[in-house]
Amino acid sequence: QRGAALPKPPSPPCRYPPVELKLPGEILELQEIFSTYYMSKHNGRRLQWHPCLGHCTLKANFPLGKKEISVSLLQTIVLLLFNDGDGLSYAHVLQATGIEDRELKVTLQSLACGKVRVLRKEPKGREVDGSDRFFLDASFKHPLFRIKINSIQTRESEAENEQTSERVFQDRQYQIDAAIVRVMKARKTLSHSLLMSELFQQLKFPLKPPDLKKRIESLIDREYLERDPKSASTYIYLA
């Protein structure tokens with residue numbers, strides 16, 4: 001008996017492809033300590049680091065007071081450069097961090113042009129340019145001791161947005177298939193309109209009728225369902 005089991009979906013492509021960054025020594029040391037601990041507890045697993053998902057809390061000694069700053073890992077890598085120098089050029093930060101050009105520009109923008117500006121940019125402006133220089137803001141002050149500096153998301157191009165939408169739909173296909181089989185197993189026989197109505201109630205993400213129809217046809221091809229010989233708009237569940 002087949003029941004409601006479906007073939008396992010292929011592993012979806014990773015949404016966060018590996019990024020090569022030049023991590024500071026103190027971060028590499030902590031990363032190694034955690035890696036050693038993790039592998040000692042989970043033998044046989046593989047640990048993969050995604051810098052774009054990391055967050056850190058930094059202790060900062062500004063001339064006007066000490067602060068704790070909650071920032072992303074990319075922001076952290078940039079800020080730690082100012083322990084060893086000031087008045088850093090964009091080219092120097094780019095070379096020292098290994099952060100991709102577009103990502104670095106929005107990272108520096110969040111630190112020097114946002115609501116909480118711990119860096120000062122010369123010349124002044126809301127956009128970051130390759131000829132800019134950056135300084136730790138000696139006049140920085142804030143009423144709170146613990147401060148969060150939000151990241152700025154890079155804007156996707158039209159092609160990237162389309163690719164993202166396609167990946168999301170591919171990830172959801174298995175959920176759609178499982179919902180169709182679940183409904184049909186419970187109802188055994190159902191008209192197309194009633195099946196569509198059930199699916200729109202159960203699935204909580206945006207759907208288009210043509211997409212659901214494609215998944216129904218796919219399940220018919222794989223012999224999970226069949227059309228009623230007496231009515232083409234009625235489906236029968238195959239146990």
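The values are calculated or read from the model by the stated rules, or taken from the named source; none is laboratory data. All figures in this text were calculated on a predicted structure; none of them were measured in a lab. All Cβ positions, even for glycine, are placed from backbone atoms using ideal geometry, and neighbour counts span all protein chains on display. Heads up: the accessible areas ignore ligands, DNA and RNA and are worked out on the full protein's heavy atoms, side chains in. Shrake-Rupley method; radii C 1.70, N 1.55, O 1.52, S 1.80 Å.
Results, tabulated for the structure shown:
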read-out: Lone qualifier among 135, 140 - being aromatic (Phe, Trp, Tyr), in a loop (DSSP other than H, G, I, E, B) and either surrounded by fewer than 12 Cβ atoms within 10 Å (Cβ to Cβ) or at pLDDT 90 or above (or both); value: 140
read-out: Close pairs (8 angstrom Cβ cut-off, 6 or more residues apart or separate chains): hydroxyl-bearing (Ser, Thr, Tyr) in the stretch 53-69, open to solvent by 30 Å² or more (accessible area, probe 1.4 Å) anywhere; value: 57/68; 57/70
read-out: Tally of residues being open to solvent by less than 40 Å² (accessible area, probe 1.4 Å) and outside any helix (DSSP H, G or I) across the stretch 199-214; value: 3
read-out: Selection from the stretch 19-46 of residues that are part of a loop (DSSP other than H, G, I, E, B), of a type outside the set (Lys, Arg) and surrounded by 10 or more Cβ atoms within 10 Å (Cβ to Cβ); value: 19, 21, 23, 24, 42
read-out: Residue 194 being under 18 Å from residue 168 (Cβ atoms) and part of a helix (DSSP H, G or I); value: no
read-out: Residue match in the stretch 59-75 (condition: charged (D, E, K, R) and in contact with a Lys or Arg (Cβ under 6 Å, 6 or more places away or on another chain)); value: yes
read-out: Counted residues, the stretch 62-98 - those being of a type in the set (Phe, Trp, Tyr) and open to solvent by 30 Å² or more (accessible area, probe 1.4 Å); value: 0
read-out: Number of the condition not met by residue 59 [criteria: (1) open to solvent by 50 Å² or more (accessible area, probe 1.4 Å); (2) modelled with pLDDT of 90 or more; (3) assigned to a helix (DSSP H, G or I)]; value: (3)
read-out: Those residues of the stretch 215-239 which are more than 22 Å from residue 175 (Cβ to Cβ), of a type in the set (D, E, K, R) and open to solvent by 60 Å² or more (accessible area, probe 1.4 Å), in sequence order; value: 226, 227, 230
read-out: Check on residue 125, open to solvent by 20 Å² or more (accessible area, probe 1.4 Å) and at positive phi; value: yes
